[in-house]
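Remarks on the structure that follows.
Every number here is computed from the coordinates shown, using simple stated rules; none is lab data. These numbers were taken from a predicted model, which means no experiment stands behind them. With ideal geometry, Cβ positions are generated from the backbone for all residues, glycine too; neighbour counts draw on all protein chains shown.
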Amino acid sequence: MEIAKQVSNPRLIYSFVKTVFPEVKTQLQNWEHRANLCPDKVLTDQAIASISHKEFHCLGGSIYALYPGVRTKEVIEFVVAYQTISDYLDNLVDALEIQDEIAFGQLHLAMTEALDDKAECSDYYAYYPYHADGGYLKALVQSCQRRVRDLPSYPKVKPLMLGLAELYSMLQTTKHLHPSVREEKMLSWLNQRMCNYPDLSPWELAAATGSTLGIFYLFALAYSPDLTKKEAEQAKNAYFPWIAGLHILLDYFIDLEEDRETAQLNFVEYYASPREREERLKHFVEVSSLQAKGLSYPKFHEAIVQGLLAMYLSDPKGNSEECAQVTESLIGVGGMKVRILYWICSQLRGKGKL
């Protein structure tokens with residue numbers, strides 16, 4: 001309880017790094033050892049690459065291990081396993097020059113089945129050219145299933161978590177198709193949902209679907225035995241699309257130049273002008289902060305928003321010629337706490353801890 005009330009205190013960021021980070025790294029080492037047992041070297045390489053290059057995602061998501069009322073190690077186990085599924089599948093649909101919508105959809109059944117304690121594991125590689133992972137992906141899915149099964153209020157959050165996972169899977173299944181068809185494919189399912197989000201562009205909604213933070217928060221929230229469906233719905237609506245959207249838009253923002261050079265799809269590139277880009281990102285910061293204030297333990301969620309700004313914008317790419325002005329503007333919107341956290345994150349990056 002006390003941690004959640006004061007988590008925005010910069011000293012507790014160091015505590016977070018010292019207590020949660022080591023457990024995350026231990027869990028990732030265990031999964032890396034398991035990945036090394038994959039019979040197919042292609043899958044081994046992609047599994048290990050997803051862990052070594054995207055550790056940042058698991059570290060950030062594990063902030064929910066500090067949410068009041070949770071069992072810290074269990075949250076870390078769930079976050080690491082679920083985020084590792086996400087990062088591994090992202091590599092499989094992006095890194096091997098494969099563009100098969102059916103294969104991608106089948107792979108991403110792992111994202112929904114991991115949140116369903118009653119689901120039998122599908123043959124995730126049924127349409128994918130590589131198959132022999134030695135049970136690696138299935139083990140990740142079953143690890144998540146064990147954790148959700150023990151949540152006191154799991155039935156209250158299950159449909160909401162599955163809904164977010166389905167949106168994430170639709171994004172990943174279409175986003176990595178050939179450039180000649182991917183926009184049309186994405187817009188076909190995004191436009192069906194735009195009526196529920198009139199304040200967003202389709203590409204802002206797409207960005208929101210790419211975040212796992214809402215799933216992690218609902219998981220932590222379900223430790224409360226007294227959770228109501230209304231509270232769960234309110235929590236989901238605060239994170240999706242606003243806090244989730246801010247999360248992924250910041251990720252794409254710092255990758256602007258890199259994605260342009262490699263012809264990767266970047267949702268921030270769809271803004272009509274640099275001015276619109278800056279104004280919309282500032283709007284997401286402001287609305288996300290407002291949404292955080294309406295949740296239980298608001299300081300915890302305000303710290304999430306502040307932490308997203310600090311962690312992403314402290315990346316050296318955030319100070320590129322194209323990004324530097326907007327980075328400074330966003331830090332200004334975040335206020336003094338973001339400036340302090342930005343400095344701390346920069347120090348941690350310099351020491352190789354972030």
**Complete:** Counting sequence-distant residues (5 or more places) and residues on other chains, those with an amide H built under 5 Å from that of residue 67 are none
**Fill in**
Whole-Hz Karplus couplings 3J(HN,Hα) for the stretch 109-123, θ = phi - 60° and coefficients 6.51, -1.76, 1.60, Gly and Pro as x, run 4, 4, 5, 7, 5, 5, 9, 10, 5, 9, 7, 7, 5, 6, 7
**Fill in**
Rounded to whole angstrom, the alpha-carbon centroid of the stretch 201-218 lies from that of the stretch 64-104 at a distance of 14 Å
**Prompt:** For a label point 7 angstrom out from the Cα of residue 199 toward its Cβ, which stretches of the stretch 268-311 have the backbone nitrogen within less than 16 Å?
**Reply:** 279-295
**When the convex hull of its Cα atoms is projected in every direction, mean area for the stretch 147-209 (nm²)** = 5.3 nm²
**Item:** Karplus-derived HN-Hα couplings along the stretch 25-35 (A = 6.51, B = -1.76, C = 1.60, θ = phi - 60°), whole Hz, x at Gly and Pro
**Value:** 5, 5, 4, 5, 4, 4, 6, 5, 4, 5, 4
**Request:** Could you please rank 195, 121, placing first whichever residue has the fewest other Cβ atoms within 10 Å of its Cβ?
**Result:** 195, 121
**Asked** In Å, what Rg and Dmax follow from the Cα atoms of the stretch 167-248?
**Response** 14.3, 49
**Request:** Step through the residues of the stretch 234-247 one at a time and calculate ³J(HN,Hα) from phi using the Karplus curve (6.51 cos²θ - 1.76 cosθ + 1.60, θ = phi - 60°), rounding each to whole Hz and writing x for Gly and Pro.
**Result:** 4, 4, 4, 5, 6, 7, 10, x, 6, 5, 5, x, 4, 3
**Prompt:** Where does each of 104-115, 238-249, 321-332, 168-179 land if you order them by average Cβ count within 10 Å, highest first?
**Reply:** 238-249, 104-115, 168-179, 321-332
**Message:** If I model a spin label at residue 146 and residue 49 as a point 7 Å from the Cα along the Cα→Cβ vector, what separation in nanometres do I get?
**Reply:** 2.9 nm
**Asked** With respect to the cross-link table entries 73/353; 156/353; 185/282; 41/156; 18/156; 156/293, which display a Cα-Cα separation exceeding 31 Å?
**Response** 156/353; 41/156; 18/156
**Fill in**
Going fewest to most other Cβ atoms within 10 Å around each Cβ, 136, 223 line up as 223, 136
**Prompt:** Taking other Cβ within 10 Å of each residue's Cβ, how do 267, 56, 16, 78 sort, fewest first?
**Reply:** 56, 16, 267, 78
**Asked** If each of residue 131 and residue 234 carries a label point 7 Å out from its Cα toward its Cβ, how far apart are those two points in nm?
**Response** 5.0 nm
**Item:** Globularity index of the stretch 1-154, i.e. its alpha-carbon radius of gyration over 2.2 N^0.38 Å
**Value:** 1.10
**Prompt:** Once the Cα atoms of the chain are picked out, what are the Rg and Dmax in Å?
**Reply:** 19.1, 52
**Request:** Assuming R0 = 45 Å, can you tell me the calculated FRET efficiency for the pair residue 296 and residue 262, based on Cβ-Cβ distance, to the nearest 0.05?
**Result:** 0.60
**Request:** Using Cα positions and a limit of under 15 Å, work out the aspartates and glutamates in reach of residue 25, with same-chain residues fewer than 8 apart set aside.
**Result:** 55, 74, 77
**Item:** Estimated FRET transfer efficiency (residue 279, residue 336; beta-carbon r; R0 25 Å; 0.05)
**Value:** 0.65
